[in-house]
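Colleague: Below is a structure I'd like to ask you about.
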Amino acid sequence: MWHCDHLGEYSGFVGGNGHQEEDNGTFLRGGRMTDDSGQCAITSIRPGHYVSRAVHVHMRVHTDVTLTDDSYTGGGVIHTGQLFFDPDINTEIQATSPYSENTTRETRLEDDSIYDDGGAASGLPALTALGDSVSDGYKATLTVGVSTS
């Protein structure tokens, strides 16, 4: 899984929107092994946005990998996709700090070149508020069925 920061910048490609921290090429990139039921949990920040794309997270499903200290080897990619988020909640979050520091125009979900307007079946996770304010965060859940054959 990988996504951009609040300014819309990806690790390995910073500098266009005001990212000041050192670019080590790895921030907001990571993965998890699934359990025997094929489930995993990943904790991350909310992605930001950049011109021409709606707020999204990239994901890949790999099989037969071997974990190393900080990565993996072997295996093969059997699915590549993107997860999108509820546009009303996007608007609320974009108005809060640090997301409000991003002054680039946000692309609406329906104008995104990749999103196919398919709802949850197409990568729109169910969001559960973790408190009374958007600043308290959300839990996102989505079931992704992937055939390994």
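The values are calculated or read from the model by the stated rules, or taken from the named source; none is laboratory data. Bear in mind the structure is a predicted one, so any value in this text is a computation, not a measurement. Virtual Cβ from ideal backbone geometry, glycine too; neighbours counted across all protein chains shown. The area values use the complete protein model at the heavy-atom level, side chains included, leaving out ligands, DNA and RNA. Shrake-Rupley method; radii C 1.70, N 1.55, O 1.52, S 1.80 Å.
Colleague: Could you please give the count of residues in the stretch 42-56 that are in contact with a helix residue (DSSP H, G or I) (Cβ under 8 Å, 6 or more places away or on another chain) and touching a residue at least 60 places away in the same chain (Cβ under 8 Å)? Talk me through it step by step, then tell me what you get.
Modeller: Just the residues of the stretch 42-56 that are in contact with a helix residue (DSSP H, G or I) (Cβ under 8 Å, 6 or more places away or on another chain), to begin with: 46, 48-49, 54-55.
Of the ones still in play, those that are also touching a residue at least 60 places away in the same chain (Cβ under 8 Å) are 46, 54.
Qualifying residue count, the stretch 42-56: 2.
Colleague: A follow-up question, please. For the stretch 67-96, what are the residues that are in contact with a strand residue (DSSP E or B) (Cβ under 8 Å, 6 or more places away or on another chain) and open to solvent by 80 Å² or more (accessible area, probe 1.4 Å)?
Modeller: In the first step, residues of the stretch 67-96 are kept if they are in contact with a strand residue (DSSP E or B) (Cβ under 8 Å, 6 or more places away or on another chain); the result is 72-86, 89.
Tyr72, Thr80, listed by residue number.
Colleague: Looking at the stretch 115-134, which of the residues that are over 19 Å from Gln39 (Cβ atoms) and open to solvent by 90 Å² or more (accessible area, probe 1.4 Å) is modelled with the lowest pLDDT?
Modeller: Asp117
Colleague: Tell me, which strands (runs of 3 or more DSSP E) lie completely within the stretch 48-149 with 1 or more residues that are among the small types (Gly, Ala, Ser) and out of contact with any Gly (no Cβ under 6 Å at 6 or more places or on another chain)?
Modeller: On the way: elements: 56-63, 76-84, 126-129, 138-141.
Hits in the stretch 48-149: 76-84, 126-129, 138-141.
Colleague: Pick from the stretch 135-149 the residues that are of a type outside the set (S, T, N, Q) and either touching an Asp or Glu at 6+ places or on another chain (Cβ under 7 Å) or open to solvent by 70 Å² or more (accessible area, probe 1.4 Å) (or both): which of them is modelled with the lowest pLDDT? Explain how you work it out, then say what you get.
Modeller: Step one: of the stretch 135-149, the residues of a type outside the set (S, T, N, Q) are 136-140, 142, 144-146.
With either touching an Asp or Glu at 6+ places or on another chain (Cβ under 7 Å) or open to solvent by 70 Å² or more (accessible area, probe 1.4 Å) (or both) added as a condition, the list becomes 136, 139, 145.
On the way: Asp136: 91, Lys139: 92, Gly145: 81.
Residue satisfying both the conditions and the ranking: Gly145.
Colleague: OK, next. Those residues that are among the small types (Gly, Ala, Ser) and over 11 Å from Gly48 (Cα atoms), I need them from the stretch 98-116; list them, please.
Modeller: Taking the stretch 98-116 first, the residues among the small types (Gly, Ala, Ser) are 100, 113.
Scanning the stretch 98-116 gives a single hit, Ser113.
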